[in-house]
Amino acid sequence: MWVLCIRVTIAYVWAPHRAGAPAANNQKDEIALMKTITTTEELSQYCAEARQHPYVTVDTEFLRERTYYSKLCLVQLAMPGEDDSGAVLVDPLAEGISLEPMLELFKDTSVVKVFHAARQDLEIFFVEAGVFPEPLFDTQVAAMVCGFGEQVGYETLVRKIAKESLDKTSRFTDWSRRPLTDAQKTYALADVTHLRVIYEYLSAQLAKSNRDNWVREELRILTAPSTYTVVPEEAWKRVKTRTSSGKFLAVVRELAKFRESYAQQRNVPRSRVYKDDALVELASTKPASFSDLGRSRLLLRDARKGDIAEGILAAVKAGVDCPVEDQPKPDTSREKLQVNPALADLLRVLLKAKAEKASVASRLIAPAADLDGIAAGLRDVPALSGWRKEVFGDDALRLCNGEIALAAKGKNVRIIEL
């Protein structure tokens, strides 16, 4: 199978270094050789060449501080190789450029698309074009499966696997400004050139340990449209409150629904409409007029007038008038669980032993909530399905059923058959 590593900034290095060039000029020469793709024709030519390789590495640079949806500012791509000659920066802000050749590359299943921590990158491509790169390889997920810890950062993998260091000074720069600086270009390319070494190492480790299917299982959620689709009617579930009152939650639901819809339609951050603490305050005070809004302690000044103010008042009224049978009901099933604390502690010991043996981050196998759920009798938790069941779940159930016991031998935990 072909593999493709992609990052959304494309700078193409067309020529190799000149033999015998002074060392002091190496970096300047590299920057001079980089070409940023700014036309559809150039992008099409690059993608045609990339499709001849087994993989391509990918990354993106974007802005989201002032918008609801991410604004794609740069795409970095790199083909297999040991230098920068196959790496490019793609400028999606260039006048007249179409990213269609790159999207077609993403659809080419003969080339693996390699990302690190791909969630935000994938959201951009799905929201803007309805496309998920396929097949997908996420080095952060693979690194967790290979024993590098939970949510390991790219910089750590570069240091441990590629034996290189990264200059992160350009990480939080404004990627929408043009022209890009040499420092920005160098930083952006490094995010896909080192990724090649990391991908090749991790894919070899997965093949050796026969854990490829573990990574594929973890990536399914990343390529599920529901992961990136926010339904305004469901937005209230993300707001933290301290009450389970149906009437209160009905107002929270309507306020969250209005905020989400307003933010999506105008492409502004939901916090620019009003923040969660202001939302909860409004649900408590239930303002019925503009003068009531003026007495809010937490509401932004712009939200006390105009469309937002009218939307707030309408949402509060809809929540207050909501019939009892239509009021939201929070999921309290976990709160009613009768957790056996001793069994939960034993499951934690078993998890630690199993995670160390498998060289996998324990929280990747089962978070604390799953352990408490198992100890309370739940059997529909992720830790009891898929590869997790093989590594931990089967013995967790045997422990719950009294079929095995745990014993300490030195620093190790042993399983004793009963």
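The values are calculated or read from the model by the stated rules, or taken from the named source; none is laboratory data. Nothing here was measured: the structure is a model prediction, and the numbers come from that model. Cβ sites come from the backbone with ideal geometry, for glycine too, and all protein chains shown count toward neighbours. Note: accessible area is taken over every heavy atom of the protein model, side chains too, but ligands, DNA and RNA are not part of it. Shrake-Rupley method; radii C 1.70, N 1.55, O 1.52, S 1.80 Å.
Within the stretch 145-157, being assigned to a helix (DSSP H, G or I), open to solvent by 20 Å² or more (accessible area, probe 1.4 Å) and touching a residue at least 40 places away in the same chain (Cβ under 8 Å) holds for one residue alone: Tyr154. Quick check on the stretch 385-408. Is at least one of its residues touching a residue at least 60 places away in the same chain (Cβ under 8 Å), of a type outside the set (Asp, Glu), farther than 27 Å from Glu150 by Cα and assigned to a helix (DSSP H, G or I)? There is no residue in the stretch 385-408 that is touching a residue at least 60 places away in the same chain (Cβ under 8 Å), of a type outside the set (Asp, Glu), farther than 27 Å from Glu150 by Cα and assigned to a helix (DSSP H, G or I). In the stretch 64-116, what residues are under 25 Å from Arg266 (Cα atoms), of a type in the set (Gly, Ala, Ser) and touching a strand residue (DSSP E or B) at 6+ places or on another chain (Cβ under 9 Å)? Within the stretch 64-116, Ser70, Ala94 meet the criteria.
The conditions of being at negative phi, under 17 Å from the mean Cα position of the chain (by Cα) and not charged (D, E, K, R) are met by Ala143. Name the single residue that is nearest to the chain's Cα centre (by Cα) among those in the stretch 269-303 being aliphatic (A, V, I, L, M) and open to solvent by 70 Å² or more (accessible area, probe 1.4 Å). The residue in question is Leu300. Among the candidates Ala309, Ala314, the residue that is within 26 Å of Tyr68 (Cα to Cα) and within 34 Å of the chain's Cα centre (by Cα) is uniquely Ala309.
Pairs linking a residue in the stretch 290-307 that is assigned to a loop (DSSP other than H, G, I, E, B) to a residue that is acidic (Asp, Glu) and open to solvent by 70 Å² or more (accessible area, probe 1.4 Å), with Cβ atoms under 7 Å and 6 or more positions apart or on different chains, are Leu298/Asp277.
For the stretch 378-418, the set of residues classified as under 19 Å from Gln338 (Cα atoms), open to solvent by less than 40 Å² (accessible area, probe 1.4 Å) and over 25 Å from the mean Cα position of the chain (by Cα) consists of Ala396, Leu399, Cys400, listed by residue number. In the stretch 252-268, the condition of being open to solvent by less than 60 Å² (accessible area, probe 1.4 Å), farther than 30 Å from Ser165 by Cβ, touching a helix residue (DSSP H, G or I) at 6+ places or on another chain (Cβ under 9 Å) and not in a helix (DSSP H, G or I) is met by at least one residue.
Pairs linking a residue in the stretch 209-230 that is outside any helix (DSSP H, G or I) to a residue that is hydrophobic (A, V, I, L, M, F, W, C) and modelled with pLDDT under 95, with Cβ atoms under 6 Å and 6 or more positions apart or on different chains, are Arg211/Val145.
Restricting attention to the stretch 158-185, the residues being open to solvent by less than 60 Å² (accessible area, probe 1.4 Å), of a type in the set (S, T, N, Q) and modelled with pLDDT of 90 or more number 3. Arg238 fulfils the conditions (1) modelled with pLDDT of 95 or more; (2) surrounded by fewer than 13 Cβ atoms within 10 Å (Cβ to Cβ) except for a single criterion, (1). Looking only at the stretch 186-210, residues that are in contact with a Cys (Cβ under 9 Å, 6 or more places away or on another chain) and modelled with pLDDT under 95 come to 1 in all. The test for being over 18 Å from Lys185 (Cβ atoms) and at pLDDT 95 or above does not hold for Leu43.
Among the candidates Ala358, Ala344, Ala375, Ala353, the residue that is surrounded by fewer than 19 Cβ atoms within 10 Å (Cβ to Cβ) and either more than 23 Å from Ala142 (Cα to Cα) or at pLDDT below 95 (or both) is uniquely Ala344. Of all residues in the stretch 304-323, which are over 13 Å from Glu254 (Cβ atoms) and surrounded by 18 or more Cβ atoms within 10 Å (Cβ to Cβ)? Correct list: Arg304, Ile308, Ala309.
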